[in-house]
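Engineer: Below are the structure tokens for one structure; questions will follow.
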Amino acid sequence: VLTDANGTLGTLTANADGKTWTATFTPTANVNDTTNTISVNLTGVTDDAGNAGVGTASSANYTVNTRSADTTGPTA
């Protein structure tokens with residue numbers, strides 16, 4: 001689940017260690033936002049021992065800036 005993420009997350013893929021998962025984040029075009037997080041719902045996820053996940057895990061805050069710099073200044 002993306003929370004105020006300003007982008008999309010690709011398919012999660014398990015790494016060889018079985019503990020780390022990766023996905024590609026693609027930011028939305030023309031965005032400048034300093035408050036973004038990615039949250040993962042752990043309900044329904046199990047580890048190798050069969051233990052069910054509980055709650056959610058969230059990323060640290062990150063910045064998205066895909067807006068090009070406007071160097072033309074205002075016009076009248």
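Rule-based calculations on the coordinates, nothing more; no lab input. Note that this is a predicted model, so its numbers are computed, not measured. Every residue, glycine among them, receives a Cβ derived from its backbone with ideal geometry; neighbour counts consider all protein chains shown.
Engineer: Given the options VAL64, VAL45, VAL31, name the one that is surrounded by 12 or more Cβ atoms within 10 Å (Cβ to Cβ) and without any contact (Cβ under 8 Å) to a residue 12 or more places away in the chain.
Structural biologist: On the way: VAL64 fails: without any contact (Cβ under 8 Å) to a residue 12 or more places away in the chain; VAL31 fails: without any contact (Cβ under 8 Å) to a residue 12 or more places away in the chain.
Matching residue, one of VAL64, VAL45, VAL31: VAL45.
Engineer: Looking for whichever is exposed (fewer than 13 other Cβ atoms within 10 Å of the Cβ), under 20 Å from GLY55 (Cα atoms) and in contact with a strand residue (DSSP E or B) (Cβ under 8 Å, 6 or more places away or on another chain) here; the options are THR20, THR8. Which one fits? Don't jump to the end; show me each part of the working.
Structural biologist: Working: THR8 fails: under 20 Å from GLY55 (Cα atoms).
Step by step, each of THR20, THR8 is checked, and only THR20 is exposed (fewer than 13 other Cβ atoms within 10 Å of the Cβ), under 20 Å from GLY55 (Cα atoms) and in contact with a strand residue (DSSP E or B) (Cβ under 8 Å, 6 or more places away or on another chain).
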